[in-house]
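Comments concern the structure below.
The values are calculated or read from the model by the stated rules, or taken from the named source; none is laboratory data. Keep in mind it's a predicted model, so treat the numbers as computed, not measured. For neighbour counting, all protein chains shown are included, and Cβ atoms are generated from backbone atoms with ideal geometry for every residue, glycine included.
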Amino acid sequence: MQRWERVMELTVANLAELAAASHALSIPTNHTLLIYGDPKSGKTRLAATLARIPQVRRIYFFDGENGSDTLLTMARTSIISTEEASKIILIKVSDTPDHPYFIETILRAFFPPQGKSAVRICAVHGRVECPLCIQKKITGEEWTPFDIFSLGHDDWVVIDTGSQLAQSAIESVSKGFAYTTKFGFDEYGPQGRMLTDILTLIQAAPTNFCMLAHQVVLKGGQYEDESLNSKGERVSKKAYLDNEPKFYPLIGTRAFSLNVAKFFGTVIYTDMRLRKHVAGSSSTYNSDMITGSRLGIAIEKASEADLSIVLPQAGLYPLTQTQHTNTDT
């Protein structure tokens, strides 16, 4: 039975009683993270610290941008231990303009055929039920089983990166086009649909998700505005606020990137300052960046940028004795 079904069957009357019932039943909450910033600002490194949480058992790491190099370096230099590294199941996807496998793999892994939940992903190309590997009769350890419906609170799915995923989507839609082709709604529309389907699934959180993304500077936010047309009819149109430029996560088009953060429970910005990786996640961290957390996570207040510190403090996992001590003081 799903965690909220266990609470709602109590027919509680108000938010206070709902919160009390949830706490009394010790019902775990799944969470979604969006980590974005400049290249080499520590996004993959921060995501890898999920493996330091004792309760986390598996991390499916979908790599479309060679983030595995960072993971291997962390394991080789003991930044993460052998035990922690063994939790990370690396799915390295070969993604090129001619073969945009990244979007194909994510869609087929997240939305398996009806009546079938488990899929296989080949180690050579990172494709679901890869026809090339099936043709070569590759079997055994060359395939990674993945079943999104079997994952729970002790599992994480990481996508590195959403920026590359969006690029893969547009390459998939425009495959075979000449380089001089100017994209329009016929191309950006399907790209937005694919990304929206993926992000909506992440928002529903059947397990824990973490998406990485690059950053882009954009001006303004989007809102709905009602006005009267020439016939006196009330119509709704989209308009853009002309405020100061801000850093947004780069996933898809300009308009799409403006609204990506709403799909995630916590949005973290990464940066390099004074030769040190830093990160911020509270809504008051920096007015120039889109950050915030529905769980009140403020990673900038932690002793270091480490998810194994802030997620237990937010109540997602039990605190260790050391964390109890630090929290009490």
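Residues satisfying the criterion are absent from the range 58-68 (criterion: without any contact (Cβ under 8 Å) to a residue 60 or more places away in the chain and farther than 17 Å from residue 163 by Cα). Inside the range 43-68, residues that are in a helix (DSSP H, G or I) and in contact with a strand residue (DSSP E or B) (Cβ under 9 Å, 6 or more places away or on another chain) make up a count of 9.
To keep it simple, each residue is scored yes or no on (1) at pLDDT below 95; (2) under 14 Å from the mean Cα position of the chain (by Cα).
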site: 33; (1), (2): no, yes
site: 36; (1), (2): no, yes
site: 39; (1), (2): yes, no
site: 51; (1), (2): no, no
site: 55; (1), (2): yes, no
site: 58; (1), (2): no, no
site: 61; (1), (2): no, yes
site: 69; (1), (2): yes, no
site: 78; (1), (2): yes, no
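The selection criterion, being modelled with pLDDT under 95 and under 25 Å from residue 152 (Cβ atoms), holds for residue 20. Residues in the range 89-105 that are of a type in the set (A, V, I, L, M) and part of a helix (DSSP H, G or I): 103 alone.
Can residue 148 be described as within 27 Å of residue 264 (Cα to Cα) and crowded, with 21+ Cβ neighbours inside 10 Å? For residue 148, the condition - within 27 Å of residue 264 (Cα to Cα) and crowded, with 21+ Cβ neighbours inside 10 Å - is not met. Residue count for the range 72-88 satisfying the condition of being assigned to a loop (DSSP other than H, G, I, E, B) and of a type in the set (Lys, Arg): 1.
Only residues that are touching a Phe, Trp or Tyr at 6+ places or on another chain (Cβ under 8 Å) and small (Gly, Ala, Ser) were counted in the range 185-212, giving 1. Pairing residues of the range 112-125 that are surrounded by fewer than 11 Cβ atoms within 10 Å (Cβ to Cβ) with residues that are modelled with pLDDT of 90 or more, at Cβ distances under 9 Å and at least 6 apart in sequence or on separate chains, gives 113/119.
Can you tell me which residue in the range 178-222 is surrounded by the fewest Cβ atoms within 10 Å (Cβ to Cβ), limited to those that are more than 22 Å from residue 43 (Cβ to Cβ) and of a type in the set (Phe, Trp, Tyr)? Within the range 178-222, the match that is surrounded by the fewest Cβ atoms within 10 Å (Cβ to Cβ) is 179. Exactly one residue among 229, 286, 243 is surrounded by fewer than 18 Cβ atoms within 10 Å (Cβ to Cβ), at pLDDT 85 or above and not β-branched (Val, Ile, Thr), and that residue is 286.
Does the range 147-166 contain at least one residue that is within 18 Å of residue 211 (Cα to Cα), at pLDDT 90 or above and touching a His at 6+ places or on another chain (Cβ under 6 Å)? Checking the range 147-166: at least one residue is within 18 Å of residue 211 (Cα to Cα), at pLDDT 90 or above and touching a His at 6+ places or on another chain (Cβ under 6 Å). Checking each residue in the range 299-311 for being part of a loop (DSSP other than H, G, I, E, B) and crowded, with 21+ Cβ neighbours inside 10 Å picks out only 305.
Residue 316 meets all of the listed conditions (1) under 17 Å from the mean Cα position of the chain (by Cα); (2) at pLDDT 90 or above but one, namely (2). Would you please list the contacts, defined by Cβ atoms under 6 Å and residues six or more apart or on different chains, that run from a residue in the range 22-42 that is assigned to a strand (DSSP E or B) to a residue that is surrounded by fewer than 23 Cβ atoms within 10 Å (Cβ to Cβ) and at pLDDT below 90? Every condition considered, the pairs that remain are 32/205. Hey, among the residues in the range 39-57 that are of a type in the set (Val, Ile, Thr) and in contact with a Ser or Thr (Cβ under 8 Å, 6 or more places away or on another chain), which one's surrounded by the fewest Cβ atoms within 10 Å (Cβ to Cβ)? Residue satisfying both the conditions and the ranking: 49. Against the test of being touching a residue at least 60 places away in the same chain (Cβ under 8 Å), within 16 Å of the chain's Cα centre (by Cα) and either farther than 30 Å from residue 188 by Cα or not in a strand (DSSP E or B) (or both), the options 267, 260 yield a single qualifying residue, 260.
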